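None of the figures in this text is laboratory data; all of them are computed from the coordinates on show. Worth saying up front: this structure is predicted, and the values here are computed from it rather than measured. Backbone-built Cβ (ideal geometry, glycine too); neighbour counts: all protein chains shown.
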């Protein structure tokens, strides 16, 4: 019943565009179809790399030296929609998930403000993702947070 109430509330707003950031759920097709300009997501990776729940943590764990933010169209799949815009940033040796998250949040907010006008006007043409290059950023488990004192800090 709550989902029906939420959908009725959204319908009553008659949104032109829905923007999602760090939501963690896949939107239903009726919600995705509701706004005139669809739904877009601010994702914390350079898609198609690190689709999924933990892109920031996975980029650090995998030793990447660069990551970024992608503004993408939302569709039924998990972070599979066409890419609207991207911004890159280095992953510094001193970065942790929180510092990188905070930097990506600021970059994403700025990118969103810069992107929306061109997107809704049709000046920006979204680019499909290359699924053959896609990687998945699975959720981080509690066990992954355990320190193995026999390993070096980098390991």
Inset, instruction - Averaging sequence separations of C-alpha pairs under 8 Å and six or more residues apart, then dividing by the length of segment 2-129, give the relative contact order as a whole percent. - result: 22
Inset, instruction - Go ahead and set up a Gaussian network model of the chain, Cα springs under 10 Å, then flag whichever of 80, 141, 67 fluctuates most. - result: 141
Inset, instruction - Along each of the three principal axes of the Cα atoms of the chain, give the extent in whole Å, ordering the values from largest to smallest. - result: 57, 39, 29
Legend entry - Rounded to whole Å, sorted largest first: equivalent-ellipsoid semi-axes of segment 1-92, Cα gyration tensor: 29, 13, 10
Legend entry - Highest-MSF residue in the chain out of 72, 144, 83 [GNM, Cα springs under 10 Å]: 144
Inset, instruction - Treating the angle as unsigned and between 0 and 90°, give the value, to the nearest 10°, between the Cα long axis of helix 2-13 and the longest Cα principal axis of the chain. - result: 60
Inset, instruction - Return one number: the angle in degrees, 0 to 90 and rounded to the nearest 10, between the long axis of the Cα atoms of helix 97-121 and the longest principal axis of the Cα atoms of the chain. - result: 30
Legend entry - Cα Rg, Dmax, segment 26-69, angstrom units: 13.6, 40
Legend entry - Computed log₁₀ I(q)/I(0) - Debye formula, equal Cα scatterers, no solvent, segment 1-46, q 0.23 Å⁻¹: -0.86
Inset, instruction - Calculate how many DSSP beta bridges within the chain are antiparallel, expressed in % of all such bridges and rounded to the nearest 5. - result: 65
Legend entry - Sorted by Cβ neighbour density within 10 Å, fewest at the top, the residues 85, 28: 28, 85
Inset, instruction - Select from 69, 20, 42 the residue whose mean-square fluctuation is largest in a Gaussian network model of the chain (Cα-Cα springs shorter than 10 Å). - result: 20
